[in-house]
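Visitor: The structure under discussion is supplied below as structure tokens; questions concerning it will follow.
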Amino acid sequence: EPCGSNNFLSFAWADDGLQLYYELPNRALILNADNGQVSSIGSYIPHGPATWLHNDLLVLPIPPEGYNGDEEDLPYRSRIGIFNRLGQLQQMHTVEIGLPQDLQPWRDDTHILMTGIDPQDGLRYPYRFDPESGALEWELTDLGTVENLSWSGEDGLIAYSDGTDTIVLRTSTREEIARFGDVSRGVVHKDSTYVALETLGPPTSIYFQRTWNELSEEAQRREEARREQFISQLPDDAETEVQPPEVHF
């Protein structure tokens, strides 16, 4: 999930490497990295990460009108905005799913693959979206419900999480390549060269963190002894370790 550092919540480069979409807490913008020009996408507050359909068109999920971000008031209707590279709105479509996520170009690069919450059962499924007509249809129905989804083309790979495992498949045959029980999301490289896996690293103490190689062995032993003594004096229910996130390839 976005860490919020420096107030950047999300970003996406166009394939030309010149147009950078990025999201701040209260607005979304497009930066031309060649000349430094910044275009604001009106007053629309994004509902989740966007994707470039091609170098000139950005596809952005937007909450329904009147939604204030309250998780208890989860909407089952959303909007998809189609913007040009100058941040100007070209089309706005209403879709009958909640919280669209995982937007990415689909097949012939004229459609969008995304996931969204079905208003009938409250579960997330993959959908195909037509930016021209606004038509929305179920896609990849054999996968069932998904928590997230990434794909890299007809001859490449699919990675998705079903709430329990993260599974990597061949798109064409649905042959299972790998399954991970401790991975929350897989993101497939555009050329299927590798899959980036989001997981948690080994537990580490939240006290007296420092780079050990800057200390001698004797100083390191003293630091570890001080840490253990400090931890032993904490209440029994005090948290002493965290698992920092890691990305594996």
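Visitor: Hey, could you check the stretch 8-43 for residues that are of a type in the set (Phe, Trp, Tyr) and without any contact (Cβ under 8 Å) to a residue 24 or more places away in the chain and say which is farthest from GLY87 (Cα to Cα)? Break it down stepwise before answering.
Guide: As a first pass, look at the stretch 8-43 and keep what is of a type in the set (Phe, Trp, Tyr): 8, 11, 13, 21-22.
If we keep only those that are without any contact (Cβ under 8 Å) to a residue 24 or more places away in the chain too, we end up with 8, 11, 22.
Working: PHE8: 18, PHE11: 14, TYR22: 11 Å.
Among residues in the stretch 8-43 that are of a type in the set (Phe, Trp, Tyr) and without any contact (Cβ under 8 Å) to a residue 24 or more places away in the chain, the one farthest from GLY87 (Cα to Cα) is PHE8.
Visitor: OK, next. Residues of the stretch 121-145 being among the charged types (D, E, K, R) and open to solvent by 50 Å² or more (accessible area, probe 1.4 Å), which ones? Reasoning before the result, please.
Guide: Of the residues in the stretch 121-145, the ones among the charged types (D, E, K, R) are 121, 124, 128, 130, 132, 137, 139, 142.
Those that are among the charged types (D, E, K, R) and open to solvent by 50 Å² or more (accessible area, probe 1.4 Å): ASP121, ARG128, GLU132, GLU137, ASP142.
Visitor: Only residues in the stretch 103-122 that are under 11 Å from THR51 (Cβ atoms) and among the β-branched types (Val, Ile, Thr) count as the first member; pair them with residues that are outside any loop (DSSP other than H, G, I, E, B) and open to solvent by 30 Å² or more (accessible area, probe 1.4 Å), Cβ under 9 angstrom, at least 6 apart or cross-chain, and list the lot.
Guide: Hits for this filter: ILE112/PRO105; ILE112/ARG128.
Visitor: Having 3 or more residues that are touching a residue at least 40 places away in the same chain (Cβ under 8 Å), open to solvent by 60 Å² or more (accessible area, probe 1.4 Å) and touching a Leu at 6+ places or on another chain (Cβ under 6 Å) is the bar; report the strands (runs of 3 or more DSSP E) wholly within the stretch 146-249 that clear it. Even if it seems obvious, please write down each step before you answer.
Guide: Values: elements: 148-151, 157-161, 166-170, 176-180, 183-188, 195-200, 245-248.
Here the list is empty.
The values are calculated or read from the model by the stated rules, or taken from the named source; none is laboratory data. What you are looking at is a predicted structure, and each value in this text was computed from that prediction instead of being measured. Every residue, glycine as well, gets a Cβ built from its backbone with ideal geometry; the counts of neighbours run over all protein chains shown. Ligands, DNA and RNA are excluded from the accessible area calculation, which covers all protein heavy atoms including side chains. Shrake-Rupley method; radii C 1.70, N 1.55, O 1.52, S 1.80 Å.
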